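The next block holds one structure in the form of structure tokens; read it before the comments.
The values are calculated or read from the model by the stated rules, or taken from the named source; none is laboratory data. All values derive from a computational prediction rather than experimental measurement. When we count neighbours, we look across all protein chains shown, and the Cβ atoms used for this are built from the backbone with ideal geometry, even at glycine. All accessible areas refer to the heavy atoms of the entire protein, side chains included, with ligands and DNA or RNA removed. Shrake-Rupley method; radii C 1.70, N 1.55, O 1.52, S 1.80 Å.
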Amino acid sequence: GASLGTYGLMPVPNISASRSANTRNIIGDDDRVIDYSKSGIVKLNYDKIDSTTSEPQGYNATGFIVGNHTIVTAAHCVNTAFNVRCTLYNSDGTVNAVYNAVNYHLPQKFISGFGGAEYDYAVITVAEDLSSYKCFNIGVCRDNLKNINPDIYVTGLSGDPSPSKPQLNGNIVTGSGKFTKNVNNDTILPKVLHYNTDMVGGTSGGPIYVKDSNGVMTVIGINTGADPVCNFGRRIDSNVLHFIYNNDELN
């Protein structure tokens, strides 16, 4: 019954300042494949005000379903965004439905300009019932997962072309890899995971997940960016879980 914490939550205002997405890395050969088998993957399209022209500019990213009306993504995707559309697909890659976001919430510290991947997560809600789509299971990522050395999967939109696989561009794709060290020799930090799973722009906000021996997927992170030698994402911990599931603003 003890309180676990207090969190500041607020809607995203339509303001002109925006933060650009981080680059993504193809590490070695591009091993990603087109994958529409996971119906809970969401393509996000949205607009932001371009700081140079002061005109709306379109962007895209990835989200994933975690509840009947709830989608998780990266905060840098929807920060300052408006006209957010959520596209869901059939297993053959055709569009099943397009829903408009009714609200979305980011950690207050991200909106205030605090650092990188630590606060780079967000929740989107839609009015429509998403229960017929795949709901991703979310699990707290433990330190000893590094010792198990599982395959690390990321699924999301291939929003930028890959020189070796141009056929992936514009599709939902899945890549697999392993935990790896970043430029500072870190693998699993308290808030951030590092891995060599391939990705390009558009995959931001996609789930980082592992599979058990039965193929059951558990999300352990949210894909957010890259450094010179690896890709990285926000590690799922109790703060992220409470933000997603114990969020009075979304009820």
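Brief remarks on what is shown
- Taking the Cα centre of the range 35-149 as origin and assigning +1 to Lys and Arg Cβ atoms and -1 to Asp and Glu Cβ atoms, the resulting dipole is close to 260 debye.
- Each of (1) 1.18; (2) 1.12; (3) 0.94 is a candidate for Cα Rg over 2.2 N^0.38 Å; the one calculated from this structure is (3).
- Gain on full stretching of the segment that runs from K181 to V216 - 0.36 nm per residue minus C-alpha separation: 10.0 nm
- Distance (nanometres) between label positions extended 7 Å along Cα→Cβ at N83 and I148: 4.4
- Relative contact order [Cα under 8 Å, 6+ residues apart], the range 36-157, whole percent: 30
- Most positive-pole-ward Cα, Q57, N83, H105, against dipole of the chain from beta carbon charges: H105
- Gain upon complete extension [D227, C135; 0.36 nm per residue less C-alpha separation]: 30.1 nm
- Apportionment of accessible area to carbon and sulfur, the chain, percent (1.4 Å): 47
- Annotation: lysines with alpha-carbon distance below 26 angstrom to K43 (same-chain offsets under eight excluded): K109, K134, K165, K178, K191, K211.
- Put simply, when 59-65, 131-137, 206-212 are sorted by average Cβ atoms within 10 angstrom per residue, most first, you get 59-65, 206-212, 131-137.
- Remark: relative contact order (the chain) = 24 percent; criterion is Cα-Cα distance under 8 angstrom and separation of 6 or more residues.
- Alpha carbon centroid spacing (whole Å) that separates the range 172-196 from the range 24-86: 20
- Reducing the range 92-168 and the range 203-217 to their Cα centroids gives an inter-centroid distance of 11 Å.
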